[in-house]
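The values are calculated or read from the model by the stated rules, or taken from the named source; none is laboratory data. Just so you know, these numbers come straight off a predicted model, no measurement behind them. Methodologically, a virtual Cβ is constructed for each residue, glycine included, from the backbone with ideal geometry; neighbour enumeration extends over all protein chains shown. The accessibility values were calculated without ligands, DNA or RNA, using every heavy atom of the protein model including side chains. Shrake-Rupley method; radii C 1.70, N 1.55, O 1.52, S 1.80 Å.
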Amino acid sequence: MKNNQLVNTVKKTLSLFSQYEMGVYSGNASLLILMAMIPLLMLVISAVNMLPGYSAADSVEFLSRFVPDVPQVQALISNVLENLSRQSGGLIASISALTTLWSASGGISAIQIGLEKLHETQRPGLKGKPAALLFTVMYVLLLPSVLVFQILRESIQELIGNALGYLGMDALARQISAIMQYSGWIVLAAMVIIVILTYAFLPAGKRTLKSQLPGSLFTCILWIVFTLCFSYFIPRFWKASSIYGSLASIFLMTMWLKFMIMILFYGAALNKALEVQSDTKEA
């Protein structure tokens with residue numbers, strides 16, 4: 001991509017973000033996701049509690065990779081998950097948690113509305129709710145799925161190795177085993193796939209998976225970079241925790257979530273900018 005084309009793409013992305021007021025939708029989605037956080041975590045914990053070999057520390061350790069490495073935020077996540085784990089231990093709790101699915105999908109619906117605003121599409125009435133519910137379930141199942149992979153990774157590696165060894169593909173089996181050792185890359189790949197599906201199918205309209213790849217990669221990479229920067233700078237420059245006490249963790253979590261959703265919308269705006277440029281060239 002030439003420098004002029006890159007500059008034009010950046011300008012178009014920023015213009016689309018501003019034109020369609022994505023910042024407003026980011027704030028709305030952040031608020032609704034925070035309101036739905038407890039129901040969502042109830043669903044996740046209820047599902048994970050039924051996994052063999054599970055302990056509350058597993059989900060705490062896993063989620064700590066995705067939130068900023070800031071003591072206030074880490075403590076908040078740990079306390080919430082441990083308390084929910086004690087209260088969501090059985091099948092009855094799982095069934096009761098499912099009744100919160102409608103309200104928990106409110107944050108996803110807010111993201112859906114913002115993406116539809118950007119693409120100038122809209123599903124009438126409640127026709128968009130099934131998609132929001134489906135993506136809510138998909139996000140909820142992501143954590144148990146990755147935990148299952150981590151818990152059973154050695155068994156999966158042995159199974160694949162035996163199958164490929166029986167077929168005489170020992171070299172391929174060793175390569176796959178080496179790849180599976182880097183579980184962080186597998187989690188990143190899962191994130192990219194989820195974001196691609198979100199961009200392609202959550203809002204109304206038709207979009208190809210390939211066309212949503214650039215914005216999805218941009219979003220996931222910037223999520224990681226922003227979280228690392230947030231984790232580095234906040235503990236060094238944030239001096240209000242002694243003043244606000246536990247309220248500091250809620251404020252920091254809200255601020256981090258707001259920027260994460262803004263990045264999600266910037267990725268969608270990038271895809272839209274590339275689409276507009278492509279249509280202009282064809283014309």
Members of region 219-275 found to be modelled with pLDDT of 90 or more, open to solvent by less than 60 Å² (accessible area, probe 1.4 Å) and farther than 23 Å from Asn28 by Cα, listed by number
Ala273, Leu274
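For (1) crowded, with 22+ Cβ neighbours inside 10 Å; (2) among the small types (Gly, Ala, Ser); (3) at pLDDT below 85; (4) more than 24 Å from Ser26 (Cβ to Cβ), each residue gets a yes or a no:
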position	(1), (2), (3), (4)
Ala93	no, yes, yes, yes
Ala97	yes, yes, yes, yes
Thr100	no, no, yes, no
His119	no, no, no, no
Gly125	no, yes, yes, yes
Gly128	no, yes, yes, no
Leu133	no, no, yes, no
Thr136	yes, no, yes, no
Exactly one of these conditions fails for Lys206: (1) at pLDDT 85 or above; (2) assigned to a helix (DSSP H, G or I); (3) out of contact with any Asp or Glu (no Cβ under 8 Å at 6 or more places or on another chain). Give me its number.
(2)
Checked region 185-218 for anything hydroxyl-bearing (Ser, Thr, Tyr) and surrounded by fewer than 16 Cβ atoms within 10 Å (Cβ to Cβ); matches are Thr208
Considering residues of region 6-27 that are of a type in the set (S, T, N, Q) and over 17 Å from the mean Cα position of the chain (by Cα) only, the residue most open to solvent (accessible area, probe 1.4 Å):
Gln19
So, first residue outside any helix (DSSP H, G or I) in region 12-24, second residue among the hydrophobic types (A, V, I, L, M, F, W, C), Cβ within less than 6 Å, six or more apart or across chains; the pairs are Tyr20/Leu118
Within region 44-58, does at least one residue satisfy the condition of being open to solvent by 50 Å² or more (accessible area, probe 1.4 Å), of a type in the set (A, V, I, L, M, F, W, C) and at pLDDT 70 or above?
no
